[in-house]
Amino acid sequence: MMSIVPMQLFDLFLAKSSAGGQRVVEPPADGLSISLVLILFSILVLLTHFAPAILEFIERHESKLGNKLLDLPTALRSFSSGLAVAYVMLILIPEYQVFNDQVTFGWINAYKLSLFGLIAFKGIQHFCLAIAKKNAQSLGEWGFVKSRREEKLLGFRVSTSVFAFYASLILLTLPYQLGHLHGPADKFLYLLTFVMHLGFNVLGLYEEDEKNFRRLVPPVVLTALTASLVLTLFNVLPTALLLGCLSVLAGIILYNVFKNELPSAENSSFAWFAIGIFVFVSVDSFTVRSLIH
């Protein structure tokens, strides 16, 4: 599915890397992996444009019976949470050692990069809070309302930027991850996990600030994803750099999953959460994943 131009550029880059004695990149991803990358890109773009309509549709189908098992919003979110948690426990954490074996930038390793990703993601929230408090103090007693408005806008801008970076990293590293999943079932399950995970992140952005969503989210996310897609299709990034990105991404995923993907018992369905885990474990167990990285 890759055109002749990306392939020629890849061969040229490979020759230069070999001549310079540097670590070469991996071969281009197979057709299925590239197709799934394009599918994920298309879905994320559509989600940013149709998030309001999607959220309205989901909420319109909210159960009137008070039964969480039949409530579509709760069921989808809980099922997505189960998939995300199972992915972290069964695939992400075991592959830390794989990342660490190849990510060698002096004293920096995969574990430290992952910790950096988590700390940076968490630190952004505290930065927004500190800015808001500083603005409130400078504006005096009557500046509270304005400072809260500025805090919300700043927080939303940061949330949008972080999501764009987060989704771009997932897209950028998707071929590498898919390349080490043996069968189509594993690959489609992996894609489904991140479609639902990122999808609810997009819907969460809309819920956070409906007023500024259309103005900020589509252009920022589309620009970041397009740049990431080009880099992904041309496959010119060294494996060590990709694994470094994966390590940073792993820390962000851990933070997101255990903070945002595990809602309180009042707002989730244990049955759908358990079903999500069961589906992921079943597919992972009954398909043979490649052990060669």
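Values in this text are rule-based calculations from the coordinates and carry no lab data. All of these numbers come straight from a predicted model, not from anything done at the bench. Cβ: placed from backbone, ideal geometry, glycine included. Neighbour counts: every protein chain shown.
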Exercise. Wrap a convex hull around the Cα atoms of the range 31-267, take a quarter of its surface area, and give that in square nanometres.
Key: 15.3 nm²
Exercise. For the range 31-267, give the magnitude of the charge dipole about the Cα centre (Cβ charges: +1 Lys/Arg, -1 Asp/Glu; no others), in debye to the nearest 20.
Key: 540 debye
Quiz item: Do the alpha carbons of any pairs in K152/K211; K152/K259; K134/K259; K187/K259 sit beyond 23 Å of each other, and which pairs?
Solution: K134/K259; K187/K259
Exercise. Please give the length that would be gained between L46 and L231 if that part of the chain were fully extended, namely 0.36 nm times their separation in residues minus their C-alpha to C-alpha distance (nm, one decimal).
Key: 64.5 nm
Exercise. Rounded to whole Hz and in sequence order, give me ³J(HN,Hα) for the range 205-212 from the Karplus expression 6.51 cos²θ - 1.76 cosθ + 1.60, θ = phi - 60°, writing x for Gly and Pro.
Key: 5, 5, 5, 5, 7, 5, 5, 9
Quiz item: What ranking do 196-204, 167-175 get when scored by the average of other Cβ atoms within 10 Å per residue, highest first?
Solution: 167-175, 196-204
Quiz item: Relative to the present Cα-Cα distance, how much length would full extension add between L90 and K152 at 0.36 nm per residue of separation?
Solution: 18.7 nm
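Which value, in nm² and rounded to one decimal, describes the direction-averaged projected area of the C-alpha convex hull of the range 207-258?
On the way: hull surface 19.3 nm².
Value for the range 207-258: 4.8 nm².
Return the FRET efficiency for the residue pair E56, T104: r is the Cβ-Cβ distance, R0 is 51 Å, and the value is rounded to the nearest 0.05. Working shown, then result.
Numbers: r = 49 Å, r/R0 = 0.96.
Efficiency, from the Cβ-Cβ distance: 0.55.
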Practice problem: Obtain the nm distance between the two label points defined at I39 and F278 by a simple spin-label model: each point lies 7 Å from its Cα along the Cα-to-C-beta direction. | Solution: 2.4 nm
Practice problem: Over all directions, average the projected area of the Cα convex hull of the range 166-224 and note it in nm². | Solution: 4.2 nm²
Exercise. Hey, for a label at A271 modelled as a point 7 Å past Cα toward Cβ, could you say which residues of the range 79-95 have their backbone N under 18 Å away?
Key: 79-83
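By how many nm would the segment from F116 to L32 grow when fully extended, if each residue of separation counts as 0.36 nm and the alpha-carbon distance is taken off? Display every interim value, and only then the final one.
Details: separation 84, 0.36 × 84 = 30.24 nm, distance 3.24 nm.
Extra length available between F116 and L32 comes to 27.0 nm.
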Quiz item: Among G31, L181, G199, whose Cα lies farthest out toward the positive end of the dipole of the range 31-267, if unit charges sit on the beta carbon of Lys, Arg (+1) and Asp, Glu (-1)?
Solution: G199
